[in-house]
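Asks: Handing you a structure now.
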Amino acid sequence: MASFPFAPRRMLGGVLLLIAASAVAGLLWLVFARLEGTPPTVSLQPAVPAAVGPATEFTVTVEDPQTGVGRLRVELLQSGREVRLLEEAPGSGGIFGREKTSRLIRKVSLDPRALGLAEGPAVLRIMAEDSSWRRFGRGNAVEHRFDIRIDTRPPGIVNRAPQTTVAPGGTGLAVYQLTEPCPTNGVRVNEEFFPGFGGLFPEDPLLHLAFFALPHDAAAPPAILIEAVDEAGNRAQMRFPAFFRKRTLRRDTIPVSDAFIRQILPEFEGLPLPSDAGLKEKFLWINRDLREENYRAITAVTRRSRPEILWEGPFLRMPNSAQRAGFAERRTYLYADRPIDQQDHLGIDLASTAQAPVPAANAGVVAFVGPMGIYGRTILIDHGLGLFTMYSHLSATAVSPGERVAREQILGRTGTTGLAAGDHLHFSVLVHHRFVDPLEWWDPLWIREHVLQKIEAARQGAGTPPAALPAEGGGRSGARRPARGR
């Protein structure tokens, strides 16, 4: 009787043993993988503010690359009450970890008024779990708590300056007191914002100054508002009392010849002039496009100003100089006796002897030295609180950025650099991003009545508590509530 060999049985047993070992290994891998002990990570953008106003939004991102996000909960705790803002459970993502949610991004809106929350302290709690089998399947957990303050009341604004008169191209000064620190405050002229500065009166840190300016071509009175936004984002506005004095723009015509264009073109070598264009088109690119680019560059410089008054007394006009062009003159450029362009001259041209010394109009800090397109070699001086003077078409400079200069200190010499037909100084005054009339700042009476007297009156009244505050919700007048500090 024949018998079967034992080899096939041994092979079958080995295969079964291998399968069993693989199954055990896979099970062990699954168990250890699903029992991982690393909790998910939680990040917020932007960071939760210390004060939460009427409408706050932030984004929560939960990440867990191991087993995936299992649950996210965001809630607010106040006086024993729990207010659920968000709860979501993406799930385990399958037994073997497929289709897991490795990253969960959710936007959270927090409106204290809609949620019926009270003014005062609260806690924002963010809890996240992953899909690990730890904690009997509840996963690894992480919790973040943020102490916040619910604040839905707008700040109070009190005007501390008398009514004033402002003309197109003129400068105004607002002096106002806030009832709480506001990271954003200043004066809004229509849509333009001029930031204010605090800390100038040690006895009253909530007293602020803000220089502002009207557009040189304003045809009607603009809306002028003092504006403040507190840490919680509550906004308040108050109408600033000002009389509007009309102004008529002066007009001038400037003939442009081929000879003049050829004369100035070497000044602009290295700039992207339209190479295949004629002389007229090259001039128009300089007069329009480059002018606009230069204005943006000047605006970038004037965004940063010292939070202090660096100047003293009236500003100096260049000695022994004759005025050749005034502020806010509307120039029509003629080529072959035909109008080809129109631009406004936003400074005063002063001519003296060739390469005459140019003194600083007042004390300050040098904010810029270098070429500035149509303005040629230029210096900008920061006099503090957003006030700047500009000196252009210079043939030489004698100061460096960051240097402190005194009134009458020589900055450089007049010249013909940039878009200049002859040797002269183009002198401008700026309030933040706006060119203003230098005549005001040369006038001792104007400075005394419109600036110094206001500052002195504010200094004498510093520390006086506000008497009238805006209505709740950012209104412009009326309601009273006690001042509060932060």
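The values are calculated or read from the model by the stated rules, or taken from the named source; none is laboratory data. Because the structure is a prediction, the values reported are computed rather than measured. Neighbour counts are summed over all protein chains in view; Cβ atoms, including those assigned to glycine, are modelled from backbone coordinates with ideal geometry.
Asks: Which of the residues that make up the range 118-139 are buried (at least 21 other Cβ atoms within 10 Å of the Cβ) and outside any strand (DSSP E or B)?
Replies: SER131, SER132, GLY139 - these are the residues of the range 118-139 that are buried (at least 21 other Cβ atoms within 10 Å of the Cβ) and outside any strand (DSSP E or B).
Asks: Further question on the same structure: Is it fair to say LEU425 is among the aliphatic types (A, V, I, L, M), assigned to a strand (DSSP E or B) and under 14 Å from ASP349 (Cα atoms)? If you could, list the steps in order and put the result at the bottom.
Replies: Values: among the aliphatic types (A, V, I, L, M): yes; assigned to a strand (DSSP E or B): yes; under 14 Å from ASP349 (Cα atoms): yes.
Judged against the criteria, LEU425 is a match.
Asks: Also: Regarding GLY169, is this residue surrounded by 21 or more Cβ atoms within 10 Å (Cβ to Cβ), of a type outside the set (Ser, Thr, Tyr), outside the structural domain of ALA223 (by TED's automatic domain parsing) and assigned to a loop (DSSP other than H, G, I, E, B)? I'd like the intermediate steps shown before the answer.
Replies: Numbers: surrounded by 21 or more Cβ atoms within 10 Å (Cβ to Cβ): yes; of a type outside the set (Ser, Thr, Tyr): yes; outside the structural domain of ALA223 (by TED's automatic domain parsing): no; assigned to a loop (DSSP other than H, G, I, E, B): yes.
No; evaluated as a whole, the condition is false for this residue.
Asks: Among the residues of the range 379-409 satisfying the criterion of being in contact (Cβ under 8 Å) with a residue 40 or more places away in the chain and touching a helix residue (DSSP H, G or I) at 6+ places or on another chain (Cβ under 9 Å), which is farthest from ASP423 (Cα to Cα)? Break it down into steps so the answer makes sense when it comes.
Replies: As a first pass, look at the range 379-409 and keep what is in contact (Cβ under 8 Å) with a residue 40 or more places away in the chain: 380, 382-390, 392, 395-396, 404-409.
Filter once more, so that each one left must be touching a helix residue (DSSP H, G or I) at 6+ places or on another chain (Cβ under 9 Å): 380, 382, 386-390, 392.
Values: LEU380: 19, ASP382: 25, GLY386: 29, LEU387: 26, PHE388: 23, THR389: 19, MET390: 16, SER392: 11 Å.
It comes out as GLY386.
Asks: Turning to a different aspect of this structure: State whether one or more residues within the range 356-367 are touching a helix residue (DSSP H, G or I) at 6+ places or on another chain (Cβ under 7 Å) and not assigned by TED's automatic domain parsing to the domain that holds PHE211.
Replies: Our first condition is that a residue be touching a helix residue (DSSP H, G or I) at 6+ places or on another chain (Cβ under 7 Å); within the range 356-367, this holds for 367.
Those left that are additionally not assigned by TED's automatic domain parsing to the domain that holds PHE211: 367.
Within the range 356-367, one or more residues are touching a helix residue (DSSP H, G or I) at 6+ places or on another chain (Cβ under 7 Å) and not assigned by TED's automatic domain parsing to the domain that holds PHE211.
Asks: Out of (1) buried (at least 19 other Cβ atoms within 10 Å of the Cβ); (2) at negative phi; (3) over 27 Å from the mean Cα position of the chain (by Cα); (4) at pLDDT 95 or above, what's the single condition that is false for LEU445?
Replies: (1)
Asks: Among what's in the range 105-137 and is of a type in the set (Ser, Thr, Tyr) and over 29 Å from the mean Cα position of the chain (by Cα), pick the residue that is farthest from PRO46 (Cα to Cα).
Replies: First pass over the range 105-137, keeping only residues of a type in the set (Ser, Thr, Tyr): 109, 131-132.
So of that shortlist, the ones also over 29 Å from the mean Cα position of the chain (by Cα) come out as 131-132.
Working: SER131: 27, SER132: 29 Å.
The qualifying residue farthest from PRO46 (Cα to Cα) is SER132.
Asks: Restricted to the range 220-237, and to residues that are touching a residue at least 40 places away in the same chain (Cβ under 8 Å) and of a type in the set (Gly, Ala, Ser), which residue is surrounded by the fewest Cβ atoms within 10 Å (Cβ to Cβ)?
Replies: The qualifying residue surrounded by the fewest Cβ atoms within 10 Å (Cβ to Cβ) is GLY233.
Asks: Output the residues belonging to the range 386-401 that are part of a loop (DSSP other than H, G, I, E, B) and buried (at least 24 other Cβ atoms within 10 Å of the Cβ).
Replies: First, pick out the residues of the range 386-401 that are part of a loop (DSSP other than H, G, I, E, B): 386, 395, 398-401.
Within the range 386-401, just GLY386 meets the criteria.
Asks: Filter the helices (runs of 4 or more DSSP H) completely within the range 247-321 down to those with at least 1 residues that are without any contact (Cβ under 8 Å) to a residue 12 or more places away in the chain and surrounded by 15 or more Cβ atoms within 10 Å (Cβ to Cβ).
Replies: Numbers: elements: 258-264, 279-284, 291-302.
Filter on the range 247-321 gives 291-302.
Asks: Checking ALA161 against (1) touching a residue at least 12 places away in the same chain (Cβ under 8 Å); (2) surrounded by fewer than 18 Cβ atoms within 10 Å (Cβ to Cβ); (3) over 15 Å from HIS433 (Cα atoms); (4) not charged (D, E, K, R), only one condition comes out false. Which one?
Replies: (2)
Asks: Let me ask you something else. If you go through the range 424-440 one residue at a time, do you hit one that is of a type in the set (Ser, Thr, Tyr), in the same structural domain as ARG288 (by TED's automatic domain parsing), within 23 Å of PHE260 (Cα to Cα) and surrounded by fewer than 23 Cβ atoms within 10 Å (Cβ to Cβ)?
Replies: no
Asks: Which residue out of VAL256, VAL229 is farther than 30 Å from ARG149 by Cβ and either touching a Phe, Trp or Tyr at 6+ places or on another chain (Cβ under 6 Å) or not assigned by TED's automatic domain parsing to the domain that holds ALA336 (or both)?
Replies: On the way: VAL229 fails: farther than 30 Å from ARG149 by Cβ.
Answer to the check: VAL256.
Asks: Which numbered condition trips up SER257, out of (1) in contact with a Leu (Cβ under 8 Å, 6 or more places away or on another chain); (2) under 18 Å from THR416 (Cβ atoms)?
Replies: That leaves (1) as the condition not met.
One line per residue, one yes/no per condition, for (1) in contact with an Asp or Glu (Cβ under 9 Å, 6 or more places away or on another chain); (2) of a type in the set (Lys, Arg); (3) at positive phi:
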position	(1), (2), (3)
LYS282	no, yes, no
ARG288	yes, yes, no
LEU316	yes, no, no
GLY326	yes, no, no
ARG338	no, yes, no
SER352	yes, no, no
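Asks: Restricting attention to the range 330-383, and to residues there that are surrounded by fewer than 19 Cβ atoms within 10 Å (Cβ to Cβ) and charged (D, E, K, R), which single residue is nearest to the chain's Cα centre (by Cα)?
Replies: Within the range 330-383, the match that is nearest to the chain's Cα centre (by Cα) is ASP344.
Asks: Out of VAL83, VAL48, VAL62, report the one residue that is under 34 Å from the mean Cα position of the chain (by Cα) and in a strand (DSSP E or B).
Replies: Details: VAL83 fails: under 34 Å from the mean Cα position of the chain (by Cα); VAL48 fails: in a strand (DSSP E or B).
That would be VAL62, the only listed residue that is under 34 Å from the mean Cα position of the chain (by Cα) and in a strand (DSSP E or B).
Asks: How many residues are in a strand (DSSP E or B) and either out of contact with any helix residue (DSSP H, G or I) (no Cβ under 8 Å at 6 or more places or on another chain) or aromatic (Phe, Trp, Tyr) (or both) when one looks only at the range 342-355?
Replies: So in the range 342-355, the residues in a strand (DSSP E or B) come out as 342-345, 348-351.
With the extra rule that they be either out of contact with any helix residue (DSSP H, G or I) (no Cβ under 8 Å at 6 or more places or on another chain) or aromatic (Phe, Trp, Tyr) (or both), the set shrinks to 342, 344-345, 349-351.
The number of residues fulfilling the criteria is 6.
Asks: Ok, one more. For SER3, are the conditions met, namely being surrounded by fewer than 17 Cβ atoms within 10 Å (Cβ to Cβ) and modelled with pLDDT of 90 or more?
Replies: Numbers: surrounded by fewer than 17 Cβ atoms within 10 Å (Cβ to Cβ): yes; modelled with pLDDT of 90 or more: no.
When the stated conditions are applied, SER3 does not pass them.
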